[in-house]
Amino acid sequence: MVGRESQLYEYGGGSMVELFEQDVREEARQSSKGNQLKWKKDDYWYKADYTGYEGLAEYMVSSLLEYSSLDQSEYVLYKPEEIHYGAQSYTGCRSRDFLTDPSKGLKGKWQMITLERLFYHNYGESLYRSIFRIRDCENRLRFLVEQMEKLTGLRGCGVYMCKLLTIDALFLNEDRHTHNIAVLWDGREGYAYCPFFDQGASLLADTMMDYPLGQDVIMQMTKAEAKTFCRSFDEQLDAAQDLYGDQMWFHFGERQIRGLLEADSVYSKEVKQRVYTILLQQRRKYQYMFR
């Protein structure tokens, strides 16, 4: 009902929010698996789970980025959320609007613009299609970085992309396409880097279609595919590190993973056990990233 006040209730390791029609938001940015229900209330975004446990994935990935070489201004932090909207209840997550978050160090008014939209605005064609006209992964990445620097005037775009691809490889983010790689624009000629966001397709979060619960999670992990420059996370990461060097490292272990999962009170034990297994496997695989 329009005009009613949304309410946020904190409890245990999560929170519960009641949202109403005036809080619903439509976004042009899309996931390859469809659009999640999204709401904006005050300075917070809320997202309902769509195909599984996207909210838990957002929470775990962003929380573990706190145990990395990234500065807190470089990523968006998510928290688990139980969302009540109309007669329905959803699991999901919430995050501070980074455009108004003082910790992100942004001054003035900024808006987010995806690389796909920016490229199309300047050239009248799809960045994604242009990338895949190029035959190999490394040159696709080099092309995107060159275009990103040309269109924005930003320097160090290769370092930025290497960090992004490192995060995606470690956490198996299957939805990093050109509609959710973005920069910030001041509406004139100024650009800035966008904090890393949208990790909901990580950690085999899609239990509805691709990775049902109750199956061998180790076998399921072998089926996870990247979407940015090729299907292989390792090939993408190798290309980025060959071109731009190792750009980030982590320092979390079993204790931090377990602590974060135990702090959550929104998701089931079965789901959290699966996430725990995935994270330990990925940490073992990429030991060189850890200090």
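The values are calculated or read from the model by the stated rules, or taken from the named source; none is laboratory data. Being a predicted model, the structure only gives us computed values, none of them experimental. Backbone-built Cβ (ideal geometry, glycine too); neighbour counts: all protein chains shown.
Out of Gln256, Gln236, Gln241, which single residue is touching a Ser or Thr at 6+ places or on another chain (Cβ under 9 Å), modelled with pLDDT of 95 or more, buried (at least 18 other Cβ atoms within 10 Å of the Cβ) and of a type outside the set (Val, Ile, Thr)?
Gln236
Limited to region 41-54, what total is found for residues that are crowded, with 22+ Cβ neighbours inside 10 Å and more than 14 Å from Tyr85 (Cβ to Cβ)? It would help to see each step written out before you state the result.
Taking region 41-54 as the starting set, the residues that turn out to be crowded, with 22+ Cβ neighbours inside 10 Å are 46-47, 49, 52-54.
Adding the requirement that they be more than 14 Å from Tyr85 (Cβ to Cβ) leaves 52-54.
Summing the residues that are crowded, with 22+ Cβ neighbours inside 10 Å and more than 14 Å from Tyr85 (Cβ to Cβ) in region 41-54 gives 3.
Can you spot a residue in region 133-142 that is within 23 Å of Arg188 (Cβ to Cβ) and assigned by TED's automatic domain parsing to the domain that holds Ser232?
Scanning region 133-142 turns up no residue that is within 23 Å of Arg188 (Cβ to Cβ) and assigned by TED's automatic domain parsing to the domain that holds Ser232.
What number of residues within region 112-132 are in a helix (DSSP H, G or I), among the hydroxyl-bearing types (Ser, Thr, Tyr) and touching a residue at least 40 places away in the same chain (Cβ under 8 Å)?
Residues meeting the conditions: 1.
I need the full set of residues from region 187-222 which are among the polar types (S, T, N, Q) and either in a loop (DSSP other than H, G, I, E, B) or touching a helix residue (DSSP H, G or I) at 6+ places or on another chain (Cβ under 8 Å) (or both), in order please.
Gln199, Ser202, Thr207, Gln215, Thr222
Hey, can you tell me all the residues within region 133-180 that are farther than 15 Å from Phe229 by Cα, basic (Lys, Arg) and not in a helix (DSSP H, G or I)?
Correct list: Arg155 only.
Test Lys38 against the stated conditions and say whether it is closer than 30 Å to Ala192 by Cα, in contact with a strand residue (DSSP E or B) (Cβ under 6 Å, 6 or more places away or on another chain), crowded, with 20+ Cβ neighbours inside 10 Å and modelled with pLDDT of 90 or more.
Answer is no for this residue.
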